[in-house]
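What follows is a single structure, written as structure tokens, with notes after it.
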Amino acid sequence: MASDKTTVLIVEDEPAIVELVTFSLREAGWNCCAVQSVGEAWEFIQTRTPQLILLDWMLPDQTGLRLLARIRSDRNFQEIPVIMLTAKSMEEDKLAGLNTGADDYVTKPFSPRELLARARALLRRKSPEHAQSTMRAANIALDPVSCTVSMDDQKIDIGHAEYKLLKFLLAHPERVFSRSQLLDKVWGDHVVIEERTVDVHVLRLRKALKEAEHLIKTVRSVGYMLSEKT
């Protein structure tokens, strides 16, 4: 079963930095995977899309900028948040990184706590479904830290797939998503699930929400959305 944890890909060839960053991010409850080159990073991204990439500027095979340019020009990956890690503190280097599409920039040597704070801030901006604060709609509250859902402050029973679906819809209220978008965004495009399975999870989610089931709207011929409007 896919984990709800945020997966961070560290693209860095200095073992000491990988160890330091991995330790800090795991302490924060995130999954970390590390690779040492642009080639390995590209291979990794194609089999498992991370929620965040920490990308070193200088890598053995190509520069991190080359990988960044490739990510930003690929429709499947262009939205992945990227923080550049680099020993280069020159203004024009920073500009080159940001112009190529980096979301943020951390210069070595850096404090792991600062990196974590920046990573969290970036994910809050780019992927609201990875935020750690309680998400609400009407009398429903979802707590991402304890992975629980309550109605009128009473916990309700909810399956893992329905929890992930609710969390995603709460992060994007009033937006309609097709079944294929939900499959991609909620379960990831590497999970083999048929589109009609989404309907089953929506039914189960409505059942779990009981009298709040009206929050999950069906938009005919398009898909589903979460809306408090009647």
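For the reader, a short list of remarks on this structure follows.
- Residue that is farthest from residue 161 (Cα to Cα), among those in the range 1-40 that are in contact with a Leu (Cβ under 6 Å, 6 or more places away or on another chain) and assigned to a helix (DSSP H, G or I): 38
- Restricting the search to strands (runs of 3 or more DSSP E) fully inside the range 113-164 and requiring at least 2 residues that are among the polar types (S, T, N, Q), within 29 Å of residue 195 (Cα to Cα) and touching a strand residue (DSSP E or B) at 6+ places or on another chain (Cβ under 8 Å) gives 148-151.
- Residue count for the range 203-217 under the criterion of being over 25 Å from the mean Cα position of the chain (by Cα) and over 16 Å from residue 159 (Cα atoms): the result is 3.
- In the range 41-69, the residues that are surrounded by fewer than 17 Cβ atoms within 10 Å (Cβ to Cβ) and either within 20 Å of residue 6 (Cβ to Cβ) or not polar (S, T, N, Q) (or both): 43, 46, 47, 48, 58, 60, 61, 66, 69
- Just one of the listed residues (73, 37) is surrounded by 15 or more Cβ atoms within 10 Å (Cβ to Cβ), on the phi < 0 side of the Ramachandran plot and of a type in the set (Ser, Thr, Tyr), namely 37.
- Subset of the range 78-100 [modelled with pLDDT under 85, surrounded by 14 or more Cβ atoms within 10 Å (Cβ to Cβ) and assigned to a loop (DSSP other than H, G, I, E, B)]: 88
- Scanning the range 9-42 for residues that are hydrophobic (A, V, I, L, M, F, W, C), in contact (Cβ under 8 Å) with a residue 40 or more places away in the chain and closer than 15 Å to residue 112 by Cα yields 10, 17, 20, 21, 23, 25, 28.
- Unique match (being within 22 Å of residue 125 (Cα to Cα) and among the acidic types (Asp, Glu)) among 184, 157: 184
The values are calculated or read from the model by the stated rules, or taken from the named source; none is laboratory data. Predicted, not measured: the structure shown is a model, and the values here were computed from it. Reconstructed Cβ throughout: ideal geometry from the backbone, glycine too, with neighbour counts over all protein chains shown.
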